[in-house]
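What follows is a short report on a single structure.
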Amino acid sequence: MPADTPIPNEIAKFNALADAWWAPHGPTHTLHDINPCRTEFIAERMTVEGALIVDIGCGGGILTESLAMRGAHMVGIDAAPDLIAAATAHAQQSKLDIRYQTTTAEQFAAQEANKYDAVVCMELLEHVASPATLLEACRRLVKPTGHLFLSTLNRTLRSYVEAILGAEYLLRLLPIGTHDYAAFVTPAELARLLRAAEFELLEVSGMRYNPLTRRAHLVDKPQVNYLIHACPQ
């Protein structure tokens, strides 16, 4: 199994959510809630319209479709086949021309190197066996003048309290077992991984989610969720 592939129980866990992925009040509703913030983060840092973008770990295609509606030529890949089926079906219903494929970033990069204006990889680093291998695949996929956008969870006490105890057990915003605290990645660790993969780190922005308003916004300190903008060295 390629090192960037989610371990089998991770794939099974997300496959189980496929039928409800697009339900605005379902188990993945927080992805719908934070999607505008993520989309704006990308759109404010590159020209999305006309760009060829690959969404790695696209899930059921929430962010993929948002970027497609802004005029990007979108490709979405995920190792979970049921999610790709859900994404494909929803794109057809939305009359969006998006190419989806069940594969890993490592396998995909072997076919389509140096092709993409941007690589987007949201909330996947903490679900794969080797974040380093995933980032190396991202580097092979992106053009020398392209962009890399990531999001993940910081490994802090606050992230454990909010993202696991609060979001999963207390508020039930996410299914219990969605996250493994030990797999969270600090910004410093991610910066080292990016340098090793020959990326230049341009920006780190925290993202705060308010479960009462169901909205997310950028903040200075990346204490829980955070977004990364990088480019090839």
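The values are calculated or read from the model by the stated rules, or taken from the named source; none is laboratory data. These numbers were taken from a predicted model, which means no experiment stands behind them. A quick note on method: Cβ atoms are made from the backbone with ideal geometry, for glycine too, and the neighbour counts reach across all protein chains shown.
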> Considering VAL75, VAL142, VAL128, which residue is in contact with a Gly (Cβ under 9 Å, 6 or more places away or on another chain) and buried (at least 19 other Cβ atoms within 10 Å of the Cβ)?
Replying inline: VAL128
> When both residues are 6+ apart or on different chains and their Cβ atoms are under 6 Å apart, which pairs have a first residue that lies in segment 95-106 and is in contact (Cβ under 8 Å) with a residue 40 or more places away in the chain, and a second that is assigned to a strand (DSSP E or B)?
Replying inline: TYR100/GLY76; ALA105/ILE56
> Looking at (1) buried (at least 16 other Cβ atoms within 10 Å of the Cβ); (2) in contact (Cβ under 8 Å) with a residue 60 or more places away in the chain, can you tell me which one THR186 breaks?
Replying inline: (2)
>> Condition check: closer than 20 Å to HIS127 by Cα and of a type in the set (Asp, Glu). Does ASP220 satisfy that?
In response: no
>> For segment 168-189, give me each residue that is small (Gly, Ala, Ser) and either more than 20 Å from ASN9 (Cα to Cα) or assigned to a helix (DSSP H, G or I) (or both).
In response: ALA182, ALA183, ALA188
>> List the residue pairs whose Cβ atoms are under 6 Å apart, where the first residue sits in segment 50-67 and is in a strand (DSSP E or B), the second is of a type in the set (Asp, Glu), and the two are 6 or more positions apart or on different chains.
In response: LEU52/ASP117
> If the Cβ limit is 7 Å and pairs must be 6+ apart or interchain, which residue in segment 154-174 that is aliphatic (A, V, I, L, M) pairs with which residue that is part of a helix (DSSP H, G or I)?
Replying inline: ILE164/TYR181; LEU173/THR30; LEU173/ALA167; LEU174/THR30; LEU174/ALA167; LEU174/GLU168
> Of the conditions (1) at pLDDT below 95; (2) crowded, with 17+ Cβ neighbours inside 10 Å; (3) within 26 Å of GLU44 (Cα to Cα), HIS179 fails just one. Which one is it?
Replying inline: (3)
>> Between ALA18, ALA12, ALA23, ALA72, which is touching a residue at least 60 places away in the same chain (Cβ under 8 Å) and more than 21 Å from ASN225 (Cβ to Cβ)?
In response: ALA18
>> So THR30 passes all but one of these: (1) among the β-branched types (Val, Ile, Thr); (2) more than 15 Å from VAL120 (Cα to Cα); (3) buried (at least 24 other Cβ atoms within 10 Å of the Cβ). Which condition number does it fail?
In response: (3)
> Can you name the condition, by its number, that VAL54 falls short on among (1) within 28 Å of THR186 (Cβ to Cβ); (2) of a type outside the set (Phe, Trp, Tyr); (3) surrounded by fewer than 17 Cβ atoms within 10 Å (Cβ to Cβ)?
Replying inline: (3)
> What pairs come up if the first residue lies in segment 111-125 and is under 20 Å from MET46 (Cα atoms) and surrounded by 16 or more Cβ atoms within 10 Å (Cβ to Cβ), the second is aromatic (Phe, Trp, Tyr) and at pLDDT 95 or above, and their beta carbons are under 8 Å apart, counting only those six or more places apart or on different chains?
Replying inline: ALA118/PHE149; VAL119/PHE149; VAL120/PHE149; CYS121/PHE149; MET122/PHE149
